[in-house]
Amino acid sequence: MTATLEHRLPKSRQALQPGTIEARDFSFWYGKKQALNNISLIVPPSSVTALIGPSGCGKSTFLRSINRLNDLIPGIRHEGDLSLDGQSIFDKDLDVVALRQRVGMVFQRWNPFPKSIYDNVAYGARINGVTRSSELDEVVERSLRRAALWDEVKDRLRTSALGLSGGQQQRVCIARALANQPEVLLLDEPASALDPGSTQKIEELVYELKRELTIVIVTHNLQQAARASDHTAFFFSGQLVELGPTDQIFTRPREERTDAYITGRFG
Amino acid sequence: MTAIPADSAPKDRRRLAVHRVEIGDRIYEILTTACALVVPALVTAIAIAIFAAAWPALTKLSASIITSSDWDVGAGRFGAAPALFGTIVSSAVALVIATPLAIGVAIFLSEFSPRWLRQPVGFLVDLLAAVPSVVYGLWGIFVLIPMLREHVMPFLRDTLHLGATPFFSGAAYGPSMLAAGVILAIMALPYISAVSREVLLAVPRSQREAALALGATRWEMIRDAVVPYAKSGIIGGIMLGLGRALGETMAVTMVIGNRPEISASLFAPGYTMASLIANEFSEATSDLHLSALMAVGAVLFIITLIVNAIARWLVWQVSRERAI
C-alpha cells in the first residue's frame, strides 16, 4: 500500500504553483486516423486559454491528451511531446495517476458520482488516504467555496449530488476537481448544456480561478471564448491555425480561416 | 432507403392506409393484451391449486409443518423443518460461494479482458446455465463428492482447524449440505455473472472518466465508480441466482444425502423442500401425506415470492437513493 501511495502527492500538500503546459510538434492518431498534426503551443501559467474550432478539429483530443485520458482508447499513438512545468507527461518515470491529480478535468456532461455532495467532493482526498474527518471537512468546505457553491449546499451536504440542478451539479464537479489542489484545470465545454444563468456563473468562476491555476477551456461558444479567456487557439482539421491574445484573435485575426470561423462563415 | 415525400401519394390512398393501420393497431393491441394477461392468470391459477390442495394439511397440522422435525408418514406426523432448513442453508452456502466468483468473472470480462477473450469466456459462463441439472447431479456424485470427501473436507476440518467450529465438524461422508451448496453455486453462478456483466458494461463512460480524471487508479475506478453505479443490477442478479438455488431439485436430491435432520455441520447430509416433494410424491398414498407435500410446496412458493419481493425492494431502494 505504501508503495502505491509514495509516488502520489503528500497528503497535506499546499496548492502547487499554476502550471505551464507546452506542446512541441505534438501529433496524435486514433488508429490510422490522424487527429492532431504538429501542434506547438505554450499555455502560460495563471491564464485562461480557450480552444475553439469546428467539431472534429481536434481541440478535445488535445485537451484530453494533457491529462492522458486518451490512454483508455485502444490503438492510439502520438509523436512529439507535451510537457507540464518542463517535464514530459509521457516520461516513463511519470505516474499517470499523479499527473491526473495535478491536472483536474471537468466534462461537458456533468458526471457526479451517485453519492452525496460531500462524498463527491471528498473523493480525491479519500483515495489519497485522507481519513481524518476534520481534514476532509476542511477540504470539502474549501473546495465548495472555491467553486462558489458552498452557500447553496452547506445545509444539504449529505444529500445526493444528483438532486441538484444541472448548473449546481457541474459546480460540484468543479469543486471535486479543485479538491485535489490541481495546478491546471481542463474544462471540456463545461457550460454547453447549461442555461444562460448557470453558464454565467461558470464563466465568473473561471475568471476567479485563473488567479490560482492555469485553465484550458474547450468551447463551441465563441462569445464565451471572447468573454472568459486571455488567449485563444483556433484549431482546424487537426492543425493549430492561430494562437494569440483573445482580443487580437477576435478583432484582427491574422489568418483568413480564423476570420471565416469567428465571423460564422463556416463551422 | 429512398425517402418519398409524404404528399406524393394520392390523397385517397393515404386515407385508406391510415384506416388499415388503425385496424392493425387494434388487433395487435388485443393480441398483446391477451398474452400479457395469460401470465398473471397462470400464476394465480397455480397458487390457488397449490393452496387448495395444501389446505387439509395446513388446517390439520397448522404451524407444525414448518416447526416440527418429526416426519413420520405412518403416524401421520409431517414436520418439514429440516427440509426448510436445508433449502435455506444450501442456498445460502451457494450464494456465499457463487457471488464473489460471479462478480469477479463479470468484472474481469467487463473491465480487464481483452476484447477477443470477452465473447468466448462469456459464452462458456452462460453455457453453465444450459447444462441439464441431472448432469450436474451425476457430476456431483462421481466427481464432486469424492473430491470433497478425500480432499476438501479433511483440509477444511484438519489443516485449517475449522473442525473446532460446529460448521465443519463430524465425519466426511461425502453427500452433504456442502456438496449441495457447491453444486447450487455452480448453477447460480451464470445467472449472477451474466446480469452483473451486462450492468457493468452499461455503466456510462462519463462515470469512469470522472474517477480517472481525479487520479483514481483503475482498481479505484472500478471500486468507487463502476461497481456502485451497477449495484442495483448486481443485487438483482444475485436474487435471480438465489431464486434458481431455492427451487433446484434434481441435482440437489442427488448429492445432499436426503436425511431429514437439522445439523449445524455442513458436512452432514440434509434435505431440501424440493427434494422432499420429488422423493415422496410418487409414493404418497394417504390424502394427508399428499396434502402435506402440497403444503411444503406452498411454503417454497411463498419463500420464492418473498425473495423476489426483497430483490425488487432492494433494487428500488438503490435506484431511489440515486434519484434523490
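Every read-out reported here was derived from the displayed coordinates using simple, explicitly stated rules and does not represent laboratory data. Given the structure is predicted, the values throughout are model-derived calculations rather than measurements.
Report, largest value first, the span of the C-alpha coordinates of the range B:240-284 along each principal axis, in whole Å.
Principal-axis extents of the range B:240-284 (Cα, largest first): 30, 28, 15 Å.
What are the ³J(HN,Hα) couplings of the range A:51-61, residue after residue, when phi is run through the Karplus curve with 6.51, -1.76, 1.60 and θ = phi - 60°? Round to Hz, x for glycine and proline.
After applying 6.51 cos²θ - 1.76 cosθ + 1.60, I find 9, 10, x, x, 4, x, 7, x, 5, 6, 4 Hz.
Based on the alpha carbons, how large is the Rg to Rh ratio for the range A:123-219 when Rh follows Kirkwood? Mind dumping the intermediate values first?
Working: Rg = 13.3 Å, Rh = 13.9 Å.
Rounded to two decimals, Rg over Rh is 0.96.
Show the residues, 5+ positions off or on another chain, whose built amide H is closer than 5 Å to the amide H of residue A:90.
Those lying under 5 Å, H to H, from residue A:90 are A:82.
Choose one answer from A:18, A:114, A:45: the residue with the largest mean-square fluctuation in a GNM of chain A with alpha-carbon springs under 10 Å.
A:114
What value in Å³ per residue do you get for the convex hull of the alpha-carbon atoms in the range B:39-197? Could the numbers behind the result be given before it?
Working: hull volume 29.5 nm³, N = 159.
Taking the convex hull of the Cα positions in the range B:39-197, it is 186 Å³ per residue.
Counting just the Cα atoms, what span does chain A cover along each of its three principal axes? Round to the nearest Å and put the largest first.
Between the extreme Cα coordinates on each principal axis of chain A lie 56, 44, 31 Å.
Give the aspartates and glutamates whose C-alpha is closer than 16 Å to that of residue A:154, dropping any in the same chain fewer than 8 places away, or say none.
A:119, A:137, A:138, A:141
Looking at the range A:89-175 from every direction and averaging, what is the projected area of its Cα convex hull in nm²?
Working: hull surface 25.4 nm².
Over every viewing direction, the Cα hull of the range A:89-175 projects on average to 6.3 nm².
Using all C-alpha to C-alpha distances in the range B:64-323, build P(r) with 10 Å bins and read off the rounded percent in each one.
All Cα pairs, binned at 10 Å, distribute as 7, 26, 29, 23, 11, 3, 1, 0 percent.
With each run of n ≥ 4 DSSP H residues scored as -39500 (n - 2.57), what mean residue ellipticity at 222 nm is computed for chain B after dividing by its residue count and rounding to the nearest 500 deg cm²/dmol?
Numbers: 12 runs with 213 residues, N = 324.
One gets -22000 deg cm²/dmol as the mean residue ellipticity at 222 nm.
Do the sum for chain A: with -39,500 (n - 2.57) for every DSSP H run of n ≥ 4, divided by all residues, what is the mean residue ellipticity at 222 nm, to the nearest 500 deg cm²/dmol? The partial results should precede the final answer.
Numbers: 11 runs with 96 residues, N = 267.
It comes out at -10000 deg cm²/dmol, rounded to the nearest 500.
Do the alpha carbons of any pairs in A:32/A:59; A:115/A:210; A:115/B:231; A:33/A:59; A:92/A:210 sit beyond 24 Å of each other, and which pairs?
In this structure, A:115/A:210; A:92/A:210 lie more than 24 Å apart at Cα.
Run the Debye formula on the Cα coordinates of the range B:184-324, all scatterers equal and no solvent, and tell me log10 I(q)/I(0) at q = 0.11, 0.14 1/Å.
For the range B:184-324 at q = 0.11, 0.14 Å⁻¹, log10 I(q)/I(0) is -0.59, -0.80.
Between residue B:77 and residues 5 or more places away or on another chain, which pairs have amide H atoms under 5 Å apart, with H built 1.01 Å from N, and which residues are they?
B:72
Given 37 °C and 0.692 mPa s, compute D for the protein assembly as shown with the Stokes-Einstein relation, Rh being the Kirkwood radius over Cα pairs; round to the nearest whole µm²/s.
Working: Rh = 29.1 Å.
My calculation gives 113 µm²/s for D.
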